[in-house]
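Worksheet: one structure, shown below.
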Amino acid sequence: MPEEEVNIQQLLQDQSHFGTIEVSKLRSVIATNQYVDVRREVNALQNSVDSTPSPTELDLVKVGISSYFLGDHRKSDEYLSRIKNDAVGMFYHAWVLNALGRHEEASKNSTPLLSSVTIVLNVRSARQELLRELVSSMMPSIATQRSR
């Protein structure tokens, strides 16, 4: 249970960002006495997105993830399948597809996201290796002692 009440309207209507922190807040308040507020705001957001010919990707992410957390996986898929550039939205779309039993599609859709994660991890690994080589070239006796 969150320590303080979350402003659901602000969380879902803010047009600046909807990342992992906001998703975590949303997930935590759904299991509280704020569930009714969440449902009301998600319904309002669904109506807004459904009545807009070209909703923003941010709104699609918010309504898609919210629908997923509320158990409406088909509606969530409808929204999140339109996401092209939001890593959090793509991540949750893979979860939605798995929940719908569409495992192979989930695997294909998450491949670009996993490629990005792999690149980041490879860069970190390369930096660590470069740092080790630098330290060992500057202080060969310390590097030799540590490897024992």
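In the set L60, L11, only one residue is farther than 16 Å from A106 by Cα, modelled with pLDDT of 95 or more and in contact with a Lys or Arg (Cβ under 7 Å, 6 or more places away or on another chain); that residue is L60.
Filter region 6-34 down to residues that are touching a residue at least 60 places away in the same chain (Cβ under 8 Å), open to solvent by less than 10 Å² (accessible area, probe 1.4 Å) and in a helix (DSSP H, G or I), then give me how many there are.
Restricting attention to region 6-34, the residues satisfying the condition of being touching a residue at least 60 places away in the same chain (Cβ under 8 Å) are 18-20, 23.
With the extra rule that they be open to solvent by less than 10 Å² (accessible area, probe 1.4 Å), the set shrinks to 18-19, 23.
When the remaining residues are screened for being in a helix (DSSP H, G or I), the result is 23.
Counting residues in region 6-34 that are touching a residue at least 60 places away in the same chain (Cβ under 8 Å), open to solvent by less than 10 Å² (accessible area, probe 1.4 Å) and in a helix (DSSP H, G or I) gives 1.
Would you be able to say whether some residue in region 100-108 is loosely packed, with under 12 Cβ neighbours inside 10 Å, at pLDDT 85 or above, out of contact with any strand residue (DSSP E or B) (no Cβ under 8 Å at 6 or more places or on another chain) and not hydroxyl-bearing (S, T, Y)? Looking for residues that are loosely packed, with under 12 Cβ neighbours inside 10 Å, at pLDDT 85 or above, out of contact with any strand residue (DSSP E or B) (no Cβ under 8 Å at 6 or more places or on another chain) and not hydroxyl-bearing (S, T, Y), one finds at least one in region 100-108, hence yes. There is no residue in region 50-60 that is in contact with a helix residue (DSSP H, G or I) (Cβ under 7 Å, 6 or more places away or on another chain) and of a type in the set (S, T, Y).
All of (1) over 16 Å from L12 (Cα atoms); (2) assigned to a helix (DSSP H, G or I) hold for L58 with one exception: (1).
Within region 36-60, residues that are farther than 18 Å from Y92 by Cβ sit with their Cβ atoms under 7 Å from residues that are assigned to a loop (DSSP other than H, G, I, E, B), at 6+ positions apart or across chains, in these pairs: R39/L70.
The values are calculated or read from the model by the stated rules, or taken from the named source; none is laboratory data. Computed from a predicted model, the values in this text were never measured in an experiment. Note that each Cβ is placed from the backbone with ideal geometry, even for glycine, and that neighbours are counted across all protein chains shown. Please note that ligands, DNA and RNA were not included when accessible areas were found on the heavy atoms of the full protein model with its side chains. Shrake-Rupley method; radii C 1.70, N 1.55, O 1.52, S 1.80 Å.
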